[in-house]
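Structure first, then comments.
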Amino acid sequence: MNVNAYTFPCLVLALALALPAARQAQAEELTLREAESLALENHARVRLAEQDVAQAQAEVARARGRMLPSLSASAGYNRNIERPVFFAPAPLGRIEVGEENEHSMTLSATQPLFLGFAGITGYRAAKTGREQAELGARQAEQELLFQVRQAYLGAAMAREIVRVQEEAVAQAESSLVQVQRRHEVGSASGFELLQAQVQLANTRPGLVAAHSDRRLADAQLRNAIGLEAPAKAEPAEGLAPFASRWLGVPLDSLIAVASRQRPELLQLRLQQRAAEHGVDLARSAYFPSVLLTGRMTWQGQSEEMIPEEFARSMAAGVQLSWTLWDSWQSQAAVRKARVAVRQAELAADLTRDGIELEIEAAGERLGEADATLAAQATTVDQAKEALRLARVRYDNGSSTQLDVINAQFVLTQTQTAYARSVYEYHMAHAQLERALGLIGRQ
């Protein structure tokens with residue numbers, strides 16, 4: 001092929017444009033930990049939870065500020081179109097006061113001395129709210145990480161199913177070649193050849209479906225991580241059996257772990273504390289509030305727009321306010337707050353019972369998945385041996401091609417069931433760790 005001076009730069013430019021697109025289309029292989037880290041960096045759910053924490057922190061600062069001094073300034077100007085007057089006894093009579101232009105500036109300071117315990121209680125309530133927001137963010141992270149783990153394991157299982165189906169197609173093709181050779185020498189009938197051809201045709205749709213499921217699983221993983229199309233992510237780790245550290249752990253011990261780690265259980269105590277703060281805030285209406293005040297004022301009057309001098313005055317004092325009667329509004333507020341405390345206690349009992357049941361069910365699923373996985377591992381070895389014997393017997397003429405086809409089918413089904421058993425075992429382990437509040441805290 002001849003490349004002239006014109007076409008060569010065009011080819012270089014085309015390659016330069018094509019390489020980034022090819023690199024972008026190529027899927028990135030990620031370990032589970034890398035996928036979880038990307039999800040925590042990218043997902044909007046985590047960003048929203050972080051904003052809730054920031055908002056709660058701002059509320060703490062605002063509650064603290066209620067107990068600290070405040071400083072304010074004000075200024076005013078009046079133009080006396082008609083000067084104010086006052087009336088004095090005769091012979092003075094009607095007397096005008098003031099000048100045409102009046103200026104005033106005031107600097108005021110206030111320091112709360114006592115707010116009926118509302119100040120310190122509000123500050124404590126705000127800190128409790130911040131702790132709740134932090135636990136809420138932790139819960140959101142754990143839910144996100146569980147979804148990432150579920151999607152990651154699903155993508156890994158989809159690849160294992162593709163491998164099983166590819167092996168099934170390869171076995172069917174190998175059997176067809178074997179039967180064709182025997183048919184050519186007259187040791188296999190046309191019916192056996194037809195059976196081998198039908199077996200291969202029936203196996204290929206399973207591989208097509210497995211590839212489709214893998215692409216869907218990859219899309220679910222990308223969505224769980226928070227990546228945008230056309231970015232792709234693939235699991236770098238396959239499904240492998242392992243020994244869960246929670247197998248055989250008594251239920252009481254699991255519940256004890258959850259009581260220290262599960263965000264929802266930790267939030268129950270904070271919810272009850274917040275309700276108790278509500279009672280204290282409602283009761284603060286029974287007490288007076290005392291403020292220390294100070295004020296400095298500059299005043300000036302003149303016929304000119306800007307006076308030549310200002311007169312300064314200063315004052316300091318203590319201000320007390322006390323609601324003596326509010327038609328039982330404060331009593332009603334206290335009763336309402338106490339009802340909220342009781343509601344928090346009842347809700348805590350219900351939530352605790354539900355979480356304990358969730359832990360028990362997750363532990364049972366893990367034990368069941370472990371027993372199923374152990375049985376499936378033995379079955380796969382047996383199915384492989386059955387296929388080997390069926391082929392040997394067929395070669396020796398002591399069995400039919402149908403026996404080989406059945407053995408191949410059984411092996412494919414067994415391998416598929418084993419892959420799903422490994423996936424279910426991983427998921428049972430993840431579900432138990434989510435129930436314990438340990439997702440992402442290893």
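Out of Thr106, Thr121, I need the residue that is among the hydroxyl-bearing types (Ser, Thr, Tyr) and surrounded by 16 or more Cβ atoms within 10 Å (Cβ to Cβ). Which one? Write out each step before concluding.
Values: Thr106 fails: surrounded by 16 or more Cβ atoms within 10 Å (Cβ to Cβ).
Answer to the selection: Thr121.
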From the set of residues in the range 206-229 that are within 12 Å of Leu38 (Cα to Cα) and small (Gly, Ala, Ser), which is surrounded by the most Cβ atoms within 10 Å (Cβ to Cβ)? Ala224
Of the residues in the range 392-442 that are modelled with pLDDT under 90 and under 32 Å from the mean Cα position of the chain (by Cα), the one that is surrounded by the most Cβ atoms within 10 Å (Cβ to Cβ) is Ile439
Could you tell me which residue of the range 139-164 is surrounded by the fewest Cβ atoms within 10 Å (Cβ to Cβ), considering only residues that are among the aliphatic types (A, V, I, L, M) and either within 19 Å of the chain's Cα centre (by Cα) or under 15 Å from Leu38 (Cβ atoms) (or both)? Ala140
Residue under question is Ala63, and the condition is that it be within 30 Å of Ser284 (Cα to Cα) and in contact (Cβ under 8 Å) with a residue 60 or more places away in the chain; does it hold? yes
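From the list Phe146, Phe191, pick out the single residue that is among the aromatic types (Phe, Trp, Tyr), part of a helix (DSSP H, G or I) and farther than 30 Å from Ala49 by Cα. Even if it seems obvious, please write down each step before you answer.
Working: Phe146 fails: farther than 30 Å from Ala49 by Cα.
So the residue among Phe146, Phe191 that is among the aromatic types (Phe, Trp, Tyr), part of a helix (DSSP H, G or I) and farther than 30 Å from Ala49 by Cα is Phe191.
State the number of residues belonging to the range 240-252 that are part of a helix (DSSP H, G or I) and exposed (fewer than 10 other Cβ atoms within 10 Å of the Cβ). Lay out the reasoning, then the answer.
If we filter the range 240-252 for residues that are part of a helix (DSSP H, G or I), which is where we start, we get 251-252.
Among the residues that remain, those that are also exposed (fewer than 10 other Cβ atoms within 10 Å of the Cβ) are: 252.
Total meeting the criteria: 1.
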Selection count where residues are in contact with a helix residue (DSSP H, G or I) (Cβ under 9 Å, 6 or more places away or on another chain) and surrounded by fewer than 14 Cβ atoms within 10 Å (Cβ to Cβ), scope the range 59-81: 2
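Against the definition (surrounded by 20 or more Cβ atoms within 10 Å (Cβ to Cβ), farther than 25 Å from Glu28 by Cβ and either assigned by TED's automatic domain parsing to the domain that holds Ala383 or among the polar types (S, T, N, Q) (or both)), how does Ala170 come out, yes or no?
For Ala170, the condition - surrounded by 20 or more Cβ atoms within 10 Å (Cβ to Cβ), farther than 25 Å from Glu28 by Cβ and either assigned by TED's automatic domain parsing to the domain that holds Ala383 or among the polar types (S, T, N, Q) (or both) - is not met.
Could you pull out the residue among Ser108, Ser104 that is touching a Gly at 6+ places or on another chain (Cβ under 6 Å) and among the hydroxyl-bearing types (Ser, Thr, Tyr)?
Numbers: Ser108 fails: touching a Gly at 6+ places or on another chain (Cβ under 6 Å).
The conditions single out Ser104.
Quick check on my filter: what residues within the range 292-344 are outside any strand (DSSP E or B), among the β-branched types (Val, Ile, Thr) and over 48 Å from the mean Cα position of the chain (by Cα)? Break it down stepwise before answering.
Taking the range 292-344 first, the residues outside any strand (DSSP E or B) are 303-310, 322-344.
Adding the requirement that they be among the β-branched types (Val, Ile, Thr) leaves 306, 323, 334, 339, 341.
Residue satisfying the conditions is Ile306 alone.
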Find all pairs meeting these conditions: Cβ atoms under 8 angstrom apart; at least six residues apart or on different chains; first residue within the range 209-236 and farther than 24 Å from Thr416 by Cα and charged (D, E, K, R); second residue modelled with pLDDT of 90 or more and crowded, with 18+ Cβ neighbours inside 10 Å. Lys232/Asp218; Lys232/Arg222
Would you point out the residue of the range 179-191, among those that are out of contact with any Lys or Arg (no Cβ under 8 Å at 6 or more places or on another chain) and touching a residue at least 60 places away in the same chain (Cβ under 8 Å), that is surrounded by the fewest Cβ atoms within 10 Å (Cβ to Cβ)? Ser187
Would you check if Leu389 is surrounded by fewer than 22 Cβ atoms within 10 Å (Cβ to Cβ) and of a type in the set (A, V, I, L, M)? yes
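The values are calculated or read from the model by the stated rules, or taken from the named source; none is laboratory data. Note that the structure is predicted; figures quoted are calculated from it, not measured. We place every Cβ from the backbone using ideal geometry, glycine too, and count neighbours over all the protein chains shown.
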